[in-house]
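Structure, as structure tokens:
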Amino acid sequence: MSADNPASHGHEATDARAEAAALFAAVARHEQAPTTMQLHCLAAATALRAPTRPVAPTIRGSEPDRLVTQALRILGQLDVDDFARPDVLAAARHGRRALREAH
């Protein structure tokens, strides 16, 4: 399939959403993350409605704000139409709020 194929595009968006959801879920379980940050990340992961998978141990041990930033960057790289979906926008809002809690 080519990159212009809508089915391929949908698969890439689904993979990106799953990756971002996994990062948000990792922060929701991160023992060094403040409780409010954990709650916002849990809400972000839930909003994406994507199955989460375990993140690599090297990523899992990262600082919570770096994980949230990475998840937001992944969402920010989505196609405009995918990013504009209400669930993605909600996840991005929760991610931004989680970052504010880290600082």
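The values are calculated or read from the model by the stated rules, or taken from the named source; none is laboratory data. Note that this is a predicted model, so its numbers are computed, not measured. All Cβ positions, glycine included, derive from the backbone under ideal geometry; neighbour counts span all protein chains shown.
For segment 16-75, what are the residues that are under 17 Å from ALA90 (Cβ atoms), surrounded by fewer than 18 Cβ atoms within 10 Å (Cβ to Cβ) and of a type in the set (Lys, Arg)?
Within segment 16-75, ARG49 is the sole residue that qualifies.
Please name all residue pairs, on different chains or six or more residues apart, with Cβ atoms under 7 Å, provided the first residue is in segment 79-97 and is assigned to a loop (DSSP other than H, G, I, E, B) and the second residue is of a type in the set (Gly, Ala, Ser).
Going by the 7 Å Cβ cut-off, the qualifying pairs are ASP79/ALA13.
Go through the residues of segment 50-64 one by one and say whether even a single one is more than 21 Å from ALA84 (Cβ to Cβ), over 10 Å from the mean Cα position of the chain (by Cα) and at pLDDT 90 or above.
Within segment 50-64 (the criterion being more than 21 Å from ALA84 (Cβ to Cβ), over 10 Å from the mean Cα position of the chain (by Cα) and at pLDDT 90 or above), the answer is yes, since at least one residue qualifies.
Considering only residues of segment 85-103 that are small (Gly, Ala, Ser) and at pLDDT 95 or above, which is nearest to THR35 (Cα to Cα)?
My answer is ALA98.
Looking at (1) outside any loop (DSSP other than H, G, I, E, B); (2) in contact (Cβ under 8 Å) with a residue 60 or more places away in the chain, find the lone condition where LEU75 falls short.
(2)
Just to be sure, is ARG85 over 13 Å from ALA22 (Cα atoms) and out of contact with any Pro (no Cβ under 8 Å at 6 or more places or on another chain)?
Yes, satisfied.
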